[in-house]
Amino acid sequence: MTAEVDMKKTIQRALMFCFAFVAAAAAWAANSVAFFSNLKGDVSVDGAKPKILAELSSGQKVRLGADAIASVMFIASGKEFPLKGPGEFVVQEGGLAASAGGAPPAARTTEWRASTRVLGQVAQTSAASVRMRSIPPPKPPPALLFPTQGNIATLQPTFRWSEPGPATVTLSVAGGDKPVITGKTSSNSYRVPAKLKPDTDYAWVVASGDKELGSGKFRTLPSEAIQQVEKRKPGEKAEFSDRLMFALLLQDLGAVQEAQELWVKLSKERADLPELAGFAGK
């Protein structure tokens, strides 16, 4: 009984923390003009150490120690200022100025745009993830791994599940009577052989013999969003900030699972930024 009471108290504290964080984030976002799209080494903002995606408001001072690097991206314009230490800079409405009166840093113009809404959403996920780690883990994950929720940003997905093959995959339009695809595989993944329709709800089932392993639903993004994703998808060797911004784009479009997978990949690449794993809810 005591353990149950402690569990309820822990959950209540976690929820209160999340609500307080959202309220604080909303108030702060009203004044933010930029955020960090890259961080490495000795970087501080008004004397405090920031985290990746931390938002900045006009008048704040960004200091970089020797060999430190940082990139500051402005929300409205998409301009990114790659910085290398040592140096000190002041955030202005549309750019950065050297605090000692030197030449302003050069900007890299990008097509990326990130709303304060999605920045707050990702930060909220990270805060909740850190807080919830004190709560006992949930039940084991379902048999189906991808896609199992929300939108997907591809018309030719690769389905994945946890149990090994052989298996049969059946895909139907949600609410439809007849399957649009039935395929067999000897592994625990199956790539859809033809492109699906955009902006459509689908349901899929995986079975091994007479045993159903699991069923799931997902929705493909509209054509315009799919085109945006295909156009903006960076290569493996692209700048870190470009790949980070792509994860934000997926998150903003509601392709949460694909965004989470990219956050995990980025967190493995940059172990010096542990908050990246938090963005994936890990």
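The values are calculated or read from the model by the stated rules, or taken from the named source; none is laboratory data. What you see is a predicted model, and the numbers here were worked out from it, not measured in a lab. Neighbour counts are summed over all protein chains in view; Cβ atoms, including those assigned to glycine, are modelled from backbone coordinates with ideal geometry.
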Would you list the strands (runs of 3 or more DSSP E) that sit entirely within segment 189-275 and hold 2 or more residues that are farther than 22 Å from Thr116 by Cα and among the aromatic types (Phe, Trp, Tyr)? 201-208
Can you pull out the residues in segment 98-115 that are assigned to a strand (DSSP E or B) and either basic (Lys, Arg) or touching a residue at least 24 places away in the same chain (Cβ under 8 Å) (or both)? Arg108, Thr109
Taking first residues from segment 228-254 that are of a type in the set (Gly, Ala, Ser) and second residues anywhere that are part of a loop (DSSP other than H, G, I, E, B), the pairs with Cβ under 7 Å that are 6 or more apart or on different chains are Gly254/Gly150
Matching entry among Gly59, Gly95, Gly65, Gly78 (being crowded, with 18+ Cβ neighbours inside 10 Å, touching a residue at least 12 places away in the same chain (Cβ under 8 Å) and small (Gly, Ala, Ser)): Gly95
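Okay, residues lined up against (1) modelled with pLDDT under 95; (2) more than 21 Å from the chain's Cα centre (by Cα); (3) surrounded by 14 or more Cβ atoms within 10 Å (Cβ to Cβ):
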{"site": "Lys195", "(1), (2), (3)": "no, yes, no"}
{"site": "Ser208", "(1), (2), (3)": "yes, yes, yes"}
{"site": "Lys211", "(1), (2), (3)": "yes, yes, no"}
{"site": "Leu250", "(1), (2), (3)": "no, no, yes"}
{"site": "Gln260", "(1), (2), (3)": "yes, no, yes"}
{"site": "Leu276", "(1), (2), (3)": "yes, no, yes"}
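Would you say Gly281 is touching a residue at least 40 places away in the same chain (Cβ under 8 Å), in contact with a Phe, Trp or Tyr (Cβ under 9 Å, 6 or more places away or on another chain) and not in a helix (DSSP H, G or I)?
yes
Let me confirm something: among Arg191, Arg219, which residue is touching a Gly at 6+ places or on another chain (Cβ under 8 Å), farther than 30 Å from Ala54 by Cα and either free of Cβ contacts under 8 Å to residues at least 12 places away in the same chain or of a type in the set (Lys, Arg) (or both)?
Working: Arg191 fails: touching a Gly at 6+ places or on another chain (Cβ under 8 Å).
Being touching a Gly at 6+ places or on another chain (Cβ under 8 Å), farther than 30 Å from Ala54 by Cα and either free of Cβ contacts under 8 Å to residues at least 12 places away in the same chain or of a type in the set (Lys, Arg) (or both) holds for just one of Arg191, Arg219, which is Arg219.
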